[in-house]
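K.L.:
I am attaching a structure below and will ask some questions about it afterwards.
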Amino acid sequence: MKQTILSTQQSALLEDLIVQHGQIVTSEQIYAQAKDVWGQPVAKNVVTRLTRNGWLIRVKRGLYAISDLSNRGFLSLSPYVVAHLLVRDSYVSFESALAYHGMFDQLTNKTISISQVQYKTVQLQSVEYSFVKVLDKWFLGWQNVSIDNTTVRMATAEKALIDMVQFHKSKYTVDLVVEKLAQYKSSLDMQKMTAYLRKMSLTTIKTFGFLFDLLEIDSGNLYNQVKLKGTHVMLSHDAKFNAKWRLYYDEYFDKYQSVK
C-alpha cells in the first residue's frame, strides 16, 4: 500500500460521507458526493485512488467502509457488523456468538454465520467470514442486537451451542459445547434450548440428550421425542454405544460423568 495523505478535498469528501451516511457507504453515495466536487469522470478516478490507498475499504460489490481517518487502512467496524453487511439474510453464530455473550474469550480470526443464501467465504483484512447455508426450518434462535449503531442478527447463546453440533460437528466442537454447558448451565435457558432442539435433526437431539445426562441436566423432554427412533452415530467411527439414546459416541466424553 502506498504511503499517502489525503488532500483537503478528499478529506472533506470522506468526512461529509460519514456525516451523511455513517461509516458504511454505497458506491452510488460516494459518486453522488464526489461528482459535485470533481465531476463524474474525475470522481471515479478519485474513488479508485482512495480505495487503492486504503481510505475506502471494499466490503463487497458496491459497498465500502470508510477507513478510520486517524489510521489509514484500518477497518474499525466490528466483525459482527461486517458479517451482517456481507449477507443480510444471516445471523452470527458459533464461537463468535458465544464471544458476544461472554462465553468464549479466545481470540479468533474467523466469524461464522448461519445464512439463508449461499455466499462465498470472504477474507477482509485479518478476518475470515464464512456462511453456512441452512434449511429455512433451521434458521431460528437469533435476536436483533445493536453494534456500532447497526442492527445485527445474533444467535442466542443456546442456539449458538446447537449450531456448533448441528452444522460443524467434530470432537472439538462437541467438547467445547460440553464445556460451556457445564460452565453456564445455571444461566442458560434450558427450556428455550429444548424448544430449539425439537426442530433439529434426530442425531443432534440425541447428542444433546446424551450430553444433558452426562451433566445431570433434565433430558426428559428430548428423550420423549426420540425414543425408539432408530440408531445414530455422534461422529464417524464412534464405537461406544449408549442404550438409552441408541447413540454411538466416543468414550472420551465419559470423563464428563464426574462433572457436577
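No value in this document is a laboratory result; all are computed from the given coordinates. Being a predicted model, the structure only gives us computed values, none of them experimental. Cβ placement follows ideal geometry from the backbone for every residue including glycine, while neighbour counts extend to all protein chains displayed.
K.L.:
In segment 209-260, what count of residues is obtained for those that are of a type outside the set (A, V, I, L, M, F, W, C), in a loop (DSSP other than H, G, I, E, B) and in contact (Cβ under 8 Å) with a residue 24 or more places away in the chain?
P.N.:
Just the residues of segment 209-260 that are of a type outside the set (A, V, I, L, M, F, W, C), to begin with: 209, 213, 216, 218-221, 223-225, 227, 229-232, 236-238, 240, 242, 244, 246, 248-252, 254-258, 260.
When the remaining residues are screened for being in a loop (DSSP other than H, G, I, E, B), the result is 216, 218-219, 227, 229-231, 236-238, 244, 246, 250, 260.
With the extra rule that they be in contact (Cβ under 8 Å) with a residue 24 or more places away in the chain, the set shrinks to 216, 218, 229-230, 244, 246, 250, 260.
Total meeting the criteria: 8.
K.L.:
Here is a list of conditions, (1) in contact with a strand residue (DSSP E or B) (Cβ under 8 Å, 6 or more places away or on another chain); (2) small (Gly, Ala, Ser); (3) free of Cβ contacts under 8 Å to residues at least 24 places away in the same chain, and ALA65 meets all of them except one; can you say which number that is?
P.N.:
Failing condition for ALA65: (3).
Residue-by-condition table, conditions (1) among the small types (Gly, Ala, Ser); (2) surrounded by fewer than 12 Cβ atoms within 10 Å (Cβ to Cβ); (3) in a strand (DSSP E or B); (4) free of Cβ contacts under 8 Å to residues at least 24 places away in the same chain:
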site	(1), (2), (3), (4)
VAL82	no, no, no, no
LEU85	no, no, no, no
THR111	no, no, yes, no
SER130	yes, no, yes, yes
LYS137	no, yes, no, no
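K.L.:
Tell me which residues, restricted to segment 111-140, are among the β-branched types (Val, Ile, Thr) and closer than 26 Å to LYS199 by Cβ. It would help to see each step written out before you state the result.
P.N.:
Going through segment 111-140, the residues among the β-branched types (Val, Ile, Thr) turn out to be 111-112, 114, 117, 121-122, 127, 132, 134.
Those that are among the β-branched types (Val, Ile, Thr) and closer than 26 Å to LYS199 by Cβ: THR111, ILE112, ILE114, VAL117, VAL132, VAL134.
K.L.:
So, ARG58, is that one charged (D, E, K, R), under 22 Å from PRO79 (Cβ atoms) and exposed (fewer than 14 other Cβ atoms within 10 Å of the Cβ) or not? If you could, list the steps in order and put the result at the bottom.
P.N.:
Details: charged (D, E, K, R): yes; under 22 Å from PRO79 (Cβ atoms): yes; exposed (fewer than 14 other Cβ atoms within 10 Å of the Cβ): yes.
For ARG58, the condition - charged (D, E, K, R), under 22 Å from PRO79 (Cβ atoms) and exposed (fewer than 14 other Cβ atoms within 10 Å of the Cβ) - is met.
K.L.:
Right, here's the next one. Can you pull out every residue in segment 143-173 that is assigned to a strand (DSSP E or B) and within 12 Å of the chain's Cα centre (by Cα)? Working first, answer last.
P.N.:
Here is the first cut: in segment 143-173, the residues assigned to a strand (DSSP E or B) are 143-147, 150-155.
Of everything in segment 143-173, those that are assigned to a strand (DSSP E or B) and within 12 Å of the chain's Cα centre (by Cα) turn out to be VAL152, ARG153, MET154, ALA155.
K.L.:
Continuing with the same structure: In segment 15-62, which residue that is closer than 17 Å to ASN149 by Cβ and assigned to a loop (DSSP other than H, G, I, E, B) is nearest to the chain's Cα centre (by Cα)?
P.N.:
If we take residues in segment 15-62 being closer than 17 Å to ASN149 by Cβ and assigned to a loop (DSSP other than H, G, I, E, B), then GLN23 is nearest to the chain's Cα centre (by Cα).
K.L.:
Let me spell it out: the conditions are (1) of a type in the set (D, E, K, R); (2) touching a Ser or Thr at 6+ places or on another chain (Cβ under 9 Å); (3) on the phi > 0 side of the Ramachandran plot, and ASP189 meets all of them except one. Which number is the exception?
P.N.:
Failed condition: (3).
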